[in-house]
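Data first, discussion second: the structure below is written as structure tokens.
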Amino acid sequence: MFWRLVRESLWRPRNRRRAAWAVLAVTLGTAVAAAMLNVSLDVGDKVGRELRALGANVLVTPAADSLPVEIGGIDYRPVSEGAFISETALGSLKEIFWRNNIMAFAPFLYVPARLVSASGPGSRPQEQATTLVGTWFDRPFVTPKGERFRTGIRPLNPTWALEGNWIDDSAPANAPPQVLLGRSLAEAMAVRVGDSVRILVGPEAGESDVAKPREVTAAVVGLVSTGGAEDRQAFASLALVQPLAGLPDQVRTVQVSALTKPEDEFSRRDPKTMTREEYDRWYCSPYISSIQHQITEALPGTAARAVRPVAETQGNVLGKMTFLMGLLAVLALIAAALSISSLASLAVAERRQEIALMKAVGAQEWLVSGLFLAEAAAHGILGGVLGFLAGQGLARVLGRVVFGSDVAVNWLLLPVMLLVALAVTFAGTWLPLRRVARFQPATVLRGE
Amino acid sequence: MSRRLLFFRMVYKAFRVQPGRMAASFAALAVGATLASAFLNLYFDLPRKMTAEFRTLGANLILAPKGTDTTVPQTIYSELSEAHPQIARLAWLYAVGKVGDQEAILAGTELSRLAALNPGWRVTTDPDDRAASVPIGDFFSRPQAGPAEPESRWLLAGATAAAHFGWKVGEIVSIGYGGKEFALPLHGIVSTGGSEDSQLLLPLADLQQITGRTGELSLIALAVPGAAEQIEAVRQRLAARWPAVEARPLRPVVESEARVILKVRGLMFGLTAIVLAIVILSVMTTVSGLVLDRQRDIGVMKSLGGTDRAISMLFVAETLSIAAVAALLGYGVGLGLAQWAAQRIFASALPWRWDTLPAVVGVTLAVAFLAAAFPVYRVRRLDPTVVLRGN
């Protein structure tokens with residue numbers, strides 16, 4: 001009898017519309033809550049990716065080095081001084097525990113050089129002292145585990161503006177040499193894209209008779225502008241610069257861009273003072289300090305330090321965004337809960353006479369409550385599932401529109417959302433039921 | 001009793017006789033208005049707050065020598081301070097000096113202004129404890145940390161440089177330039193996380209005197225407040241005023257800032273729209289339900305000769321008067337909520353905006369009106385005899 005009543009109230013044509021409304025309300029509420037939760041769980045990752053535009057947040061240098069002569073990130077030491085890192089060892093950067101958080105890295109070799117522009121008709125050759133920077137641009141790279149990966153300064157610095165073309169550093173070794181010039185340097189030399197420049201590395205003419213300057217003529221394929229010291233440098237592929245400097249397989253620094261978790265009290269502690277479990281927890285969290293630690297493990301003889309302004313800004317913005325989105329999700333959850341429970345109580349209030357009738361023919365209190373709660377459970381479950389799916393869709397649309405990429409579907413949210421939907425529907429049904437129970441059936445049926 | 005008086009009396013009585021029912025309506029509307037107010041207040045001010053977070057990155061605009069020049073005249077710097085006093089600015093002069101027989105970058109700057117551009121830098125002043133450091137702002141606000149007299153020469157060493165040379169705070173260190181030696185007291189060790197860690201920082205005038213490059217600067221770093229458009233506007237003004245130097249925005253800083261702000265704005269807009277939609281739905285169902293609940297009252301009024309128009313007006317007036325109070329209350333509570341969130345997240349207050357008040361009141365009144373209008377429309381078709389019979 002009980003189940004027949006439930007079935008009746010769910011499927012009788014007269015009740016179908018009401019049931020549909022109730023399910024719709026639960027669906028909408030759950031959808032909003034699920035979308036908000038999904039977005040707020042994924043926003044850290046999404047904003048973290050946006051913040052990569054700031055460039056590298058970890059800098060790897062040789063551990064036993066002389067003092068860098070450095071302004072604005074460019075090292076002006078002559079190649080005869082200081083220590084270097086081996087280029088071939090860099091593959092192990094993608095073997096550390098948090099390898100998937102290493103979004104990009106690029107090696108750098110700074111070589112003091114002189115650039116001489118070709119003498120054209122009516123213009124004298126211009127000579128400028130500068131730094132020739134050897135690096136990777138967008139190099140295909142296969143990790144020892146066989147994963148394919150592209151890295152270099154293009155993925156590392158997505159905000160660098162370029163006029164012309166990037167250097168293709170997967171080109172064969174005997175391809176004609178190419179160089180990118182910083183915009184200010186090119187303006188000072190009156191060089192445009194398509195011109196060629198002579199690059200001289202080594203002592204000035206006449207300064208020494210032993211070592212002759214090494215020289216190469218390269219085509220200017222692009223002009224790069226960043227606003228920083230790079231605007232006065234020349235960039236070429238590492239494979240071209242190493243022989244010029246006489247430093248095969250050597251690089252000065254490696255810049256790494258890693259996705260990190262904002263620093264907190266725990267991460268600021270010294271790992272040496274941690275207990276075994278704490279150390280494991282620290283090691284297995286993508287804090288910038290643990291990533292630094294893992295990089296120095298993977299590249300012995302190097303020191304990794306955080307580029308603090310970048311790392312701090314990323315941490316600040318990320319932490320604030322995550323908290324804000326969490327807060328907004330809670331507010332949305334409250335709004336959704338209110339709307340679901342208000343609709344559920346409305347449904348009960350509308351059926352006061354039905355309840356009175358049931359009681360008048362002898363139904364027990366628990367039977368009436370059970371009937372309505374079973375109905376509410378059906379609405380809650382159906383609406384919860386539909387709402388969860390709709391919420392995923394909503395989160396997807398939001399992710400697409402705002403970030404241009406999908407928000408990850410979090411299936412763990414499904415049982416949580418179902419429980420919340422059920423609880424809220426129950427609460428919304430239970431309160432008016434208690435009120436109705438106090439009425440005398442006769443009074444209600446008489447219509448007062 | 002005049003009709004008008006009757007009307008007001010009935011609205012008034014609706015509140016007096018059934019306060020519980022009205023309270024439910026009021027609560028729904030107030031919660032809706034609170035959420036709307038909190039979201040709108042945060043939405044409008046969030047991008048500005050986020051922009052401020054990017055100030056830890058330091059400069060976002062650089063004035064550098066143009067073409068074959070290697071220096072910027074210092075006159076530009078003083079003109080700049082007069083023309084744009086609100087922009088945080090810092091002049092730099094670089095020279096390659098020697099410590100012993102090792103080369104090191106000497107960076108001349110206005111030490112006391114460092115904090116304005118680089119709030120994230122930290123200074124160690126304790127010679128024995130390298131880990132104990134204070135933010136650079138605190139270092140310069142403490143009187144005993146600075147030089148006793150402005151004329152005296154002193155030095156801040158970058159952390160890498162200090163570790164390399166084994167220097168301790170308080171030592172007198174010797175720096176060579178152009179074959180001459182200069183002894184300077186080391187006042188602090190600065191840790192920046194950038195290139196400055198390997199530099200030696202000294203007062204600009206001193207370095208100019210040591211190097212004999214009076215009136216010359218290598219570059220001027222500026223931190224322009226505001227978003228990408230404002231930075232571009234400042235850049236154009238500077239470029240027009242001083243064509244001899246190059247004004248260039250630091251692309252990584254400016255662009256990533258613009259990206260994040262755009263995303264934050266988009267996200268907040270989407271979420272605000274979604275939350276407003278669910279709030280509207282919830283308020284409408286609650287208020288409509290409460291009006292439908294009063295079918296019997298309507299039946300009585302109709303049978304006593306109340307016109308459809310008068311009855312509709314009655315319900316709309318009732319709902320709107322609740323809504324107006326709820327909107328004001330919700331606005332206040334929502335503003336408080338937004339203030340709390342802003343304080344908690346950004347540690348700075350939200351400025352009061354006049355335009356969110358009419359927006360919140362408008363939305364609440366519109367929702368209340370729609371919520372009342374729908375059942376009132378149904379009321380018109382109601383047959384009093386059927387209602388009063390109780391079916």
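So the values come out like this:
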quantity: A:Phe137, sole failed condition from (1) within 14 Å of chain B (Cβ to nearest Cβ); (2) assigned to a loop (DSSP other than H, G, I, E, B); (3) farther than 29 Å from A:Ser290 by Cβ; calculated: (1)
quantity: Hey, B:Met313 more than 10 Å from chain A (Cβ to nearest Cβ), at pLDDT 80 or above and part of a helix (DSSP H, G or I) or not; calculated: yes
quantity: Single unsatisfied condition, A:Gln294 versus (1) under 25 Å from the mean Cα position of the chain (by Cα); (2) modelled with pLDDT under 90; calculated: (2)
quantity: Flag for B:Gly289 being within 14 Å of chain A (Cβ to nearest Cβ), within 30 Å of B:Leu6 (Cα to Cα), crowded, with 20+ Cβ neighbours inside 10 Å and not charged (D, E, K, R); calculated: yes
quantity: Conditions (1) within 10 Å of another protein chain (Cβ to nearest Cβ); (2) at pLDDT 80 or above: number failed by B:Ala24; calculated: (2)
quantity: Lone qualifier among B:Leu365, B:Leu370 - being free of Cβ contacts under 8 Å to residues at least 60 places away in the same chain and surrounded by 13 or more Cβ atoms within 10 Å (Cβ to Cβ); calculated: B:Leu365
quantity: Search result, residues across the stretch B:92-112 that are among the hydrophobic types (A, V, I, L, M, F, W, C), in contact (Cβ under 8 Å) with a residue 12 or more places away in the chain and either within 14 Å of chain A (Cβ to nearest Cβ) or surrounded by fewer than 13 Cβ atoms within 10 Å (Cβ to Cβ) (or both); calculated: B:Trp92, B:Leu93, B:Ala95, B:Val99, B:Ala104, B:Ile105, B:Leu106, B:Ala107
quantity: Failed condition for A:Gln364, given (1) facing chain B (nearest Cβ under 7 Å); (2) farther than 22 Å from A:Ala19 by Cβ; calculated: (1)
quantity: A:Pro112 within 14 Å of chain B (Cβ to nearest Cβ) and at pLDDT 85 or above; calculated: yes
quantity: Residue tally, condition under 26 Å from A:Ala53 (Cβ atoms) and within 14 Å of chain B (Cβ to nearest Cβ), over the stretch A:269-301; calculated: 3
quantity: Residue among B:Leu57, B:Leu35 that alone is crowded, with 16+ Cβ neighbours inside 10 Å, at the interface with another protein chain (Cβ under 8 Å from one of its Cβ atoms), under 30 Å from A:Gly182 (Cα atoms) and in contact (Cβ under 8 Å) with a residue 12 or more places away in the chain; calculated: B:Leu57
quantity: Scan of the stretch A:51-74 for residues that are part of a loop (DSSP other than H, G, I, E, B), at the interface with another protein chain (Cβ under 9 Å from one of its Cβ atoms) and within 21 Å of B:Gly58 (Cβ to Cβ), ordered by number; calculated: A:Gly55, A:Pro68, A:Val69, A:Gly72, A:Gly73
quantity: Number of the exception - B:Ile189 against (1) hydrophobic (A, V, I, L, M, F, W, C); (2) closer than 26 Å to B:Ala162 by Cβ; (3) surrounded by fewer than 22 Cβ atoms within 10 Å (Cβ to Cβ); calculated: (3)
quantity: Exclusive hit being of a type in the set (Gly, Ala, Ser) and surrounded by 23 or more Cβ atoms within 10 Å (Cβ to Cβ), set A:Ala63, A:Ala25, A:Ala53, A:Ala83; calculated: A:Ala25
quantity: Of residues in the stretch A:246-258 being away from chain B (no Cβ under 14 Å) and surrounded by fewer than 23 Cβ atoms within 10 Å (Cβ to Cβ), the one farthest from A:Gly301 (Cα to Cα); calculated: A:Gly246
quantity: Elements of type helices (runs of 4 or more DSSP H) contained in the stretch B:134-245, each with 3 or more residues being of a type in the set (D, E, K, R); calculated: B:228-241
quantity: Residue in the stretch A:302-324 that is aromatic (Phe, Trp, Tyr) and either within 28 Å of the chain's Cα centre (by Cα) or within 14 Å of another protein chain (Cβ to nearest Cβ) (or both) present; calculated: yes
quantity: Members of the stretch B:216-230 that are touching a helix residue (DSSP H, G or I) at 6+ places or on another chain (Cβ under 8 Å) and modelled with pLDDT of 85 or more; calculated: B:Glu216, B:Leu217, B:Ile220, B:Ala221, B:Leu222, B:Ala223, B:Val224
quantity: Residues within the stretch B:246-301 that are outside any helix (DSSP H, G or I) and more than 30 Å from B:Leu80 (Cα to Cα), tallied; calculated: 2
quantity: Some residue of the stretch A:235-245 being closer than 26 Å to A:Ala63 by Cβ, buried (at least 18 other Cβ atoms within 10 Å of the Cβ), in contact (Cβ under 8 Å) with a residue 24 or more places away in the chain and under 30 Å from the mean Cα position of the chain (by Cα); calculated: yes
quantity: Test: residue in the stretch A:75-84 that is among the aliphatic types (A, V, I, L, M) and either assigned to a strand (DSSP E or B) or touching a Lys or Arg at 6+ places or on another chain (Cβ under 8 Å) (or both); calculated: no
quantity: Some residue of the stretch A:31-40 being in contact (Cβ under 8 Å) with a residue 12 or more places away in the chain and not in a helix (DSSP H, G or I); calculated: no
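Quick grid of which residues meet (1) surrounded by fewer than 21 Cβ atoms within 10 Å (Cβ to Cβ); (2) in contact with a Leu (Cβ under 8 Å, 6 or more places away or on another chain); (3) at negative phi; (4) of a type in the set (Lys, Arg):
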position	(1), (2), (3), (4)
A:Arg77	yes, no, yes, yes
A:Trp98	yes, no, yes, no
A:Trp136	no, yes, yes, no
A:Pro140	yes, no, yes, no
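The values are calculated or read from the model by the stated rules, or taken from the named source; none is laboratory data. Since this is a predicted model, take the numbers as computed values, not measurements. In this analysis, Cβ positions are derived from the backbone assuming ideal geometry, glycine residues included, and neighbour counts consider all displayed protein chains.
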